[in-house]
Each structure stands twice: as structure tokens, then as C-alpha cells.
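Take a look at the structure below.
The values are calculated or read from the model by the stated rules, or taken from the named source; none is laboratory data. Values in this document were obtained by computation on a predicted structure and should not be read as measured data. Backbone-built Cβ (ideal geometry, glycine too); neighbour counts: all protein chains shown. Surface areas here come from the heavy atoms of the whole protein model, side chains and all, with no ligands, DNA or RNA. Shrake-Rupley method; radii C 1.70, N 1.55, O 1.52, S 1.80 Å.
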Amino acid sequence: MGMKANRINTISVEGRIWSLLVPAVISQFVNILYSVVDRIFIGKIPFIGVDALSGIGTCFPILILINAFAQLLAIGSTTAISIYLGRESCEEAEKFMGTAFSLSCLISLVLFVFLQIFKRSILMCFGASENTVGYALSYLDIYLWGLAFQLLTAVFSNFLFCQGYAKKAMFVCTFSALLNVVLDYIFIMIFGFGISGVAYATVISQVSGMLLAFYFVNRKEGEGQKLYLKKENITIDRNKAKQIVLYGIASFTMNFTEACLHATYNYSLQKYGADVYIAAMAIIQSLMQMMYIFSNGIAQAVQPTISYYHGAGDEVKIKRACFISTFLNMTVAILGSILLIFARRSAARIFTGDDKVLDIVVSYLPIYLAGWGIFGIQESVQCIFVGLGKAGYSMFLALYRKIVLLIPLMLFLPTFFDVKGIFISEAVSDSVAGISAGLLFMHFLRKTKKNKGKKAALSACDKVLSDIEKEALKRPELYGNTNFINDQRSFDDTLSSFGIKGNINKNGCGSIAMYNVLHAFGEDIPYRTVIENIAKDSPKIFLKSSTIGGGVFGLNPLYMKGYLKRQGYEVKRAVFKRKDFAIKEEAAYIAIYLWFDSKHSEIGGHYEALIPTKEGTLQAYNISRIYEDFKDYEKVKKSEGGFLMQVYEIKRYYYKI
């Protein structure tokens, strides 16, 4: 196989992740230069730096919203393509590329029109004041013209990344980001364009990055095969679009809720503080983006790796990749937050020299980061869920932290702690969300393990049922029986049912007792069907774990009770030694007793169905005999060397025998 993306199965999990991690981190670092460097230059503009920085801060929710759609398409298409590469289905992977390109163009157009119409109203809702809204509009008026190129650059770069061309994807990001830095300096420091110069630099850089990424995507690689964006695939395939949205919805939700979060931040900061607090938050968020370099890089390296091994069905490598993801995310979260707290004043001074803004950052950043170490758990868990195609879990975690925890806390706590409560809410929500994510992942692992056990049990059942099918053809008078079964010894001593003995002849009394009870209630079904229904309902009945002593003492009563209850019957213990106890005509009974054969030194258990007669006596089946009552039954069994352990009374709701 010539394709780079399909050669990854020849290297270790660590090697695969490391080969993607370094370029991904570098790409993330270069990518944030777009926004961080913009803010650095804006904050340094003489006389208006703080107001301009606050104005850009009110643009954050809109910029993050645009990025949400970029990540929806980029991550969604990358995950789908990686899965189909793992299945070695290149044609389907290329169709996903065409659908992702078409969706990018459509979404860009809709967003552009919407934001051009409502941008001022949105900015005022997001915390802009009359002093800062002019700076925000000056930036957005130009920035929005590069919206389509931003989405396409993200999608094309991820096309390269998921195929193993991480260096080319990194080069695209590096080139466009460095070009943005150079143009920022030229437009602001030399030409004095102010905040408009920042927007012009961003748009030109995005156009250049998109053209370069498009060139790499469709560049011929000689004899080496790779995926291409083909003209015939440039269409919106509804099914593939749904899959892209499904796989990318977690990343979109993270970014969309982040936009809602920033809007709430700005609103609360404006309400309880002033423009200077929004400027300080813009700096804090810029510093946090430096932290996200590593967590996003880890996600970009681990998600396609897990997706590939998931598509290939390699569980061992999936587990290894999950462990590496957790270790890296926790390490980065803990060490990064400690480093940032100790260097907070020096880091903030990069953006501004205003003492008021610096004091706010120094005072509140430690509170803001207090729960970040624990939040590393959620970052890892979300990354793993997306890689496994479990977007629903990841989306739930994203919504839970931001919508359920953080935003309500941000609106509630300031009423008690004033502006400080806004920063406390971040620490509380990060801690609670991280712990919750860990618990959810543990639940997911237990559920997965349980499902695997059930599948294994069903597989064992299939073999047993296959044997029963063969036996039924040979002995239709037994397996097709619709009358009471009185002697399990009439069945051959061969395969076909329960316990360590593995046959009805020695271990079938439990299933026969259930069959006889069902027959007493008018269930006109053959014994073979009862066995099949039990197997489908509770496959572990066919395994040793569902029996007592491997079948020597019979079927586990809990499985018997559960099966009958699920068939619509009421099952409860019959305390026949009570004075007021009476045999009920509308009920049937299953007795369980132990027996001991001193002659052969054998011990075991036995189930019998006891059916009331019109005369008020009990008719026993599978050792046919009539008893006056349960005391008589207990006396006879005791005389035969048996010990009565339990009697269950079975009724069918609203039905009489």
C-alpha cells in the first residue's frame, strides 16, 4: 500500500502520536499568532490601546463562532476520512472531502450575510459600549471578507493532516501566520492603519493560507497514492454531511458554547466592572490560548490515531492511545497553569503597559486557573470520545461544563462576590466538570465491558442453540413437546443446555420447571422455544456464572425469577410454613431442593414445577407425583434424602389457570 496514511499501522502508537503531536503543536502555536499577535499590536496602539483591545474583546464571541463552524467541518471530515482510511476505502474518503468543501462554501456564505446585517446589534449585546463599538466594527467590516478562506484553510489543512502529511499542514499554518505578523507590523507600525490594518493583515494571510493548502491537497505525489479533492465529488451528499456534522458536533459545541461563554463574560464584566475589565479578560483569554496550543495539539494527534485504530478494530492500540492522551493532557494542564500563574505579570505586559489592566490580570488570573489542572481530565475524555466516534458523550460534557455549570455560575456568583465571582465561577466549573468527565468515562468503560460480555455470551448461546436445532430434528417428540415434561432423563446425555455438564439430561431441570409453569398458564409453545427465549433474554444462563456450583446445584434462582418477570409474571417467595398460608388455584409454584445420594456420594439440586389441582392438591412434574400440600411435599423429600430450600409462587397478572 503506497498511501502514507495507511502506513501508520507499521509504527508504534507512541511513534504515531509523536509524529503528529510535534507538527500539531507547532501548527497550533503558529495558528494562534493570528489572534494573539493582533491583540499585542492593538494593545500597543498609542492613546487608544486599551479601548481598542476592549473592542476586540467584544468581537471574541463572533470570531469564536466562526471558528466553531471551521472546526465542525475540519474535525468532522478528518474523523470520517480517518475511519474510512482505516477500512482502506479511499473512494469514500474522497467523497467526504468533496462534501466538506461544499459545506464550507455554503456555511461561509450564510454566515457572511447574517453577520453583515446584524453585527452592530450583536456587538452591543456582547458587552460593547459606545466607547468601544466603533473599534469592533472597524475590525469586523474587513475581517468578515476573509470568512470563507478561514473555513477552507482549516478544512484543507486537516485533509493533509489526517493522511499523514502533518508537515505540509504545519507549513500552511506557519506561512499564513508569519505573513500575518509581518503584515501587522507593516500596516500598523509603518502605515498607521490602526485596528483596520490588523483586519487587512488577517484577511490577506487567510487567503494566502487557503491557496497554499489547496495546492498541497491536489499536488501529485509521484508514485505514492493519496487522496485528492476531485471535481465530481464537490457536492453535498446528505448522508456524508450528516456524518461530518456528527463527528464534528463536539468540537463545534465546544467552540459555540465558548462563544456564548465569552458573550456572558463580556456582559457580566461590563455590568459589574467596566471596559477595562473586558480588556483584561482579552489578555487572560490570549494567555489561555497559549495553553490551548498543547491541548489542541494533543487532540489533533490523538483523535485521528484513535479513529484509525477504531476503524481497524485494534483495541490494544486504542487503549494505549487513550492512556497517552490522558497522561499528556493532565501534565499540560497542571504544569501549564502553574507556570502561567507565576509569570502572569510578565506575560500580561506583552499586551499592554496600562497599570489598571495589569493589576486586574495579576489579581484574578490565579483564581481563574484554580481548577484548570482537574479540567485536564475532561479535555482527555472528550478527545477519546471523539476519536471513538462517540460524539454524543463529548457533546454532553461540553454542554454540561459551559451551559449547565459555568454560565449560570457566572450570572449568579457576582451577586455575592461582585466582579470576583465571575472568575470564581471558572474555577468551580472546571473542577466539577473534570471530575464528572472522569466518572462518565469510567461508566462508559464498564458499559462497554458489559456489552462485550453479553456479545460473548450470545455467541456461546448461538452454538448451544445450533446444537439444540440438531437435537430437535432428531427428537421432535421431546423438543417439540407442548405437554408437561415429566422426566428430563428422557433427553439424550449430549450437548444442548445448562451448567458444567452441558446437557438437559443432567442440568435441564431449571428450564423444564419454567417450561412446565408456562404450560400450566396456557402458553402453547414447545420446550425448544422456551430454551431459545431464555438464551436471548439472559444469555449468561448458558454460562457457568449463571449456575450454582457450575450447575451441580442448579440454575441460579435470580435468573429464573428475572426471566419469568420479564414474561409478565409475578414471582415471590411462598412462605408455606405460615399458619395462614393456602395453596392458590390461580398460582403455580417452583420448588428448589438439595439432594444427597449416599450410595454414589453425589450431591446436587433440583427444580420442580408444582401445579395446583382442582382438588386442592399439588401435581409435581419432572418427578411426577401428587402431594396433599407443601408440608407433605417437604416430608416426602426429606424421607428421600432431600432438603427443601425455597418455594416460589408465580402468578400471571389478571389471569387464572
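Structural remarks
- Sorted peptide list for 522-530, 200-208, criterion being average Cβ within 10 angstrom, highest first: 200-208, 522-530
- Among the listed pairs Lys584/Lys614; Lys579/Lys651; Lys506/Lys631; Lys572/Lys635; Lys317/Lys449, those whose Cα-Cα separation exceeds 19 Å are Lys579/Lys651; Lys506/Lys631; Lys572/Lys635.
- Across the cross-link table entries Lys95/Lys167; Lys95/Lys390; Lys447/Lys637, which are compared at the Cα atoms, the separations over 32 Å belong to Lys447/Lys637.
- With both labels modelled 7 Å from their Cα along Cα-to-Cβ, the Arg446 to Ser196 distance reads 6.2 nm.
- Cut-off 11 Å between beta-carbons: net charge of the residues surrounding Ile17, Lys and Arg +1, Asp and Glu -1: +2
- Take the convex hull of the alpha carbons in region 111-199; its mean projected area over all directions comes to 7.0 nm².
- Protein-only accessible surface at a 1.4 angstrom probe places the residues Ser639, Ser19, Ser104 in the order Ser639, Ser19, Ser104, largest first.
- Distance between region 612-653 and region 165-220 - C-alpha centres, whole angstrom: 87 Å
- With a 1.4 Å probe rolled over the protein heavy atoms of all chains, the accessible area of Lys449, Lys614 falls in the order Lys614, Lys449, largest first.
- Cα lying deepest toward the dipole's positive end in region 110-248, options Leu160, Leu140, Phe187, charges on Cβ: Leu160
- Using 0.36 nm per residue and subtracting the Cα-Cα separation, the extra length available between Ile11 and Thr529 on full extension is 181.4 nm.
- Measure of compaction for region 41-101 (Cα Rg per 2.2 N^0.38 Å): 1.86
- Here the accessible area of region 40-176 is 68 percent carbon and sulfur, with a 1.4 angstrom probe and all protein chains present.
- Heavy atoms of Leu335: accessible area, 1.4 Å probe, square angstrom to 10: 110 Å²
- Computed about its Cα centre, the charge dipole of region 37-188 is approximately 120 debye, with only Lys, Arg, Asp and Glu carrying charge at their Cβ.
- Legend: residues Asp38, Asp314, sorted from most to least accessible area (1.4 Å probe; ligands, DNA and RNA excluded), read Asp314, Asp38.
- Model label zone, Phe112; criterion: amide N under 14 Å from point 7 Å along Cα-to-beta-carbon; scope region 162-191: none
- Accessible surface, region 204-360, averaged per residue in Å² (probe 1.4 Å): 46 Å²
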